Structures are given as C-alpha cells and as structure tokens.
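Visitor: Quick one: this structure, given as structure tokens, is what I'll be asking you about.
The values are calculated or read from the model by the stated rules, or taken from the named source; none is laboratory data. Values in this document were obtained by computation on a predicted structure and should not be read as measured data. FYI the Cβ positions are ideal-geometry reconstructions off the backbone, even for glycines, and counts take in every protein chain you see. Side chains included, ligands, DNA and RNA excluded: accessible areas come from the protein's heavy atoms. Shrake-Rupley method; radii C 1.70, N 1.55, O 1.52, S 1.80 Å.
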Amino acid sequence: MTTLLYDGTFDGLFTAIFEVFEYRYQDVEICSRESFQQENMFAKIHEVITQQEKSERVLNKLEQNIGKSGINQLLKVFLSEDSEMEKLILSAVQQSVKHHDKNILQNFADDDMMKISKICKSVSRERHRMTAFVRFEKLQDEIYFAKIDPDFNVLPLIRKHFKDRYADQKWMIYDLRRDYGLFYDLKDCDFFYPDEKLDLNQYQQKFHEEEKKYQTLWQSYFTKTNIKERKNTKLHIQHVPKRYWKYLTEKW
C-alpha cells in the first residue's frame, strides 16, 4: 500500500487526489501528516506538496461531473473531520471519473455514497444550529464577540450568513475546539489564527458595561417568564439541545 501524506488542507487533499491519478496508484490511502501513525513499516510513503493548480484541476473536472452542489457536499465531508473523510472523498472522485455521472452521490446502494449523504445531513444540521444559537456579546472596543464549540468544523459554512446578517457592526466568532475564528471589520470577513489559546477569563473582563446590564436584564426576564408548572424539559431539549445552552445568556 502507498500512503499519501498531505498538510490537512482542502487544497492539500485534492493535490493528493490528483497525484493518485498522476502516479496511477491502486492500493492507496490518503492521510494528513498530523493524524498519521505508521503501523506497517514496509508501507510506501508519498509526501504531497500542496499545489493549488493540481487541486483546481481536480475540482474543475469534478464540477463538470457532479456540479457545484456535489462539490459542496464533499466540502461538508471534509469539514466533518470524520476519520474516513479522505477515503470517502477519494472514492467519490474516482467514481465520478469512472462514470461521468452527476448522480453518483445519490447512489445510496454504494456504502461510501451513503456515508457521504449521512455526514452531509449531520453537518448541515450543525450549521443550522450554529446560525440559530450563536449569541454575541459586546466588548469594550465595540466589537461583538461570540464563542462556539461545534461538533464539526462549520465556521466556513456560517461565514456568509453572519456577514450578510450583521453587515453594519464589527464582530468575531471564535471556535473554542479548533482555536481559530472569523473577524468582520465592516469591510472584510477573514479567518484568524491566534498564537495562543483564547483566555476566556480575560475575555469576560472586557465586557462592555451595556453588555453586563443586558445579560442581567435578559436572565431576569427569562427567570420570570419561565412558569414552573408548564415546564416541559423533554420538549425544550428537543428544540434547544443541552450542548447549545452554553451559548445562551438565559441559561447561565
């Protein structure tokens, strides 16, 4: 078996896929350098150097076969961080090249295509929940800050939603699990990668006075309107799962 090691990026993965075809590898696996653990000392290692030109050639050909919606599905699989992510995406590319069929991702008789469908549904649900449950807090420098901890790496998928919805204010959304975020400065909306892990205690000290008053008011309102006799915890959790409560001011 030949193992292709890449840098963990989307372009890196599609560079690796290009080289699977370029070198006509048959018995092959693709793995990020970060997660690679060599179990077979006799396995052949192929080091992939990310090249955007190679990545784009694969993606352009793939778009002809499965369309933009198909590319979007494969992006969701990549962002799912599933342990079989590279295998599933490679399988989809190989089948699209073989069959030239826009409907290969709907071939649910194929185990890989079925897994892709299930992963896409899970990632889409997580994306929707992040757009619904994210709460911004105003900081002293007039920037609105939100922290998230999603099961999947959905920050790239919610970027446009928040840029369009909050176009008139500066904001940041930070992924606590993956230690990177989005920053919008009224003009550009870019990813940022801090050198050190975010210090939540230090961040809370930067709350704007208006934000502190708002949180107190909102918590008081929620307490007074929450009628104990009509409490239905099971139904409540169905609509707002417990793992999202940490984003909601009324739950603190």
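Visitor: If you take the residues of the stretch 108-141 that are of a type in the set (Asp, Glu) and not in a helix (DSSP H, G or I), which of them is nearest to Ile71 (Cα to Cα)? Before you say what the answer is, go through the steps one by one.
Guide: Pass one, the stretch 108-141, residues of a type in the set (Asp, Glu): 110-112, 126, 137, 141.
Narrowing the set further to residues that are not in a helix (DSSP H, G or I) leaves 110, 137, 141.
On the way: Asp110: 18, Glu137: 35, Asp141: 39 Å.
Of everything passing the filter in the stretch 108-141, Asp110 is nearest to Ile71 (Cα to Cα).
Visitor: A further question follows. With the requirement that a residue be within 15 Å of Ser91 (Cα to Cα) and either part of a loop (DSSP other than H, G, I, E, B) or of a type in the set (Ser, Thr, Tyr) (or both), what does the stretch 16-56 give you? Before you say what the answer is, go through the steps one by one.
Guide: Step one: list which residues in the stretch 16-56 are within 15 Å of Ser91 (Cα to Cα), which gives 16-21, 24-31.
Across the stretch 16-56, the qualifying residues are Arg24, Tyr25, Gln26, Asp27.
Visitor: Which of (1) surrounded by fewer than 20 Cβ atoms within 10 Å (Cβ to Cβ); (2) assigned to a helix (DSSP H, G or I); (3) touching a Phe, Trp or Tyr at 6+ places or on another chain (Cβ under 9 Å); (4) touching a residue at least 24 places away in the same chain (Cβ under 8 Å) is the odd one out, the single condition Lys76 does not satisfy?
Guide: Condition not satisfied by Lys76: (1).
Visitor: Okay, moving on. Which pairs do you get when a residue that is under 21 Å from Ile30 (Cβ atoms), found in the stretch 93-120, comes within reach of a residue that is open to solvent by less than 80 Å² (accessible area, probe 1.4 Å) and outside any helix (DSSP H, G or I), reach meaning Cβ atoms under 6 angstrom, with the pair 6+ apart or on two chains?
Guide: What qualifies is Met113/Asn107; Ile119/Asp82.
Visitor: Would you please list the contacts, defined by Cβ atoms under 9 Å and residues six or more apart or on different chains, that run from a residue in the stretch 132-153 that is in contact (Cβ under 8 Å) with a residue 60 or more places away in the chain to a residue that is open to solvent by 50 Å² or more (accessible area, probe 1.4 Å) and in a strand (DSSP E or B)?
Guide: Glu137/Tyr144; Lys138/Tyr144
Visitor: Could you tell me whether any residue of the stretch 103-114 is at pLDDT below 90 and either of a type in the set (S, T, N, Q) or farther than 23 Å from Asn153 by Cβ (or both)? So that I can check it myself, show each step before the final result.
Guide: At the first step, the residues of the stretch 103-114 found to be at pLDDT below 90 are 103.
Pick out the ones that are also either of a type in the set (S, T, N, Q) or farther than 23 Å from Asn153 by Cβ (or both) and you get 103.
Yes, the stretch 103-114 contains a residue that is at pLDDT below 90 and either of a type in the set (S, T, N, Q) or farther than 23 Å from Asn153 by Cβ (or both).
Visitor: Only one of (1) assigned to a helix (DSSP H, G or I); (2) more than 16 Å from Leu75 (Cβ to Cβ) is not met by Ser96, so which one is it?
Guide: If we test Ser96 against (1) assigned to a helix (DSSP H, G or I); (2) more than 16 Å from Leu75 (Cβ to Cβ), just (2) comes out false.
Visitor: In the stretch 130-159, what residues are open to solvent by 10 Å² or more (accessible area, probe 1.4 Å) and out of contact with any Phe, Trp or Tyr (no Cβ under 9 Å at 6 or more places or on another chain)?
Guide: Asp141, Glu142, Asp151, Phe152, Leu157
Visitor: Here are some residues: Ser69, Ser35, Ser117, Ser91. Which one is touching a Leu at 6+ places or on another chain (Cβ under 8 Å), under 30 Å from Pro150 (Cβ atoms) and of a type in the set (S, T, N, Q)? Spell out the reasoning first.
Guide: On the way: Ser69 fails: touching a Leu at 6+ places or on another chain (Cβ under 8 Å); Ser35 fails: touching a Leu at 6+ places or on another chain (Cβ under 8 Å); Ser91 fails: touching a Leu at 6+ places or on another chain (Cβ under 8 Å).
The unique qualifying residue is Ser117.
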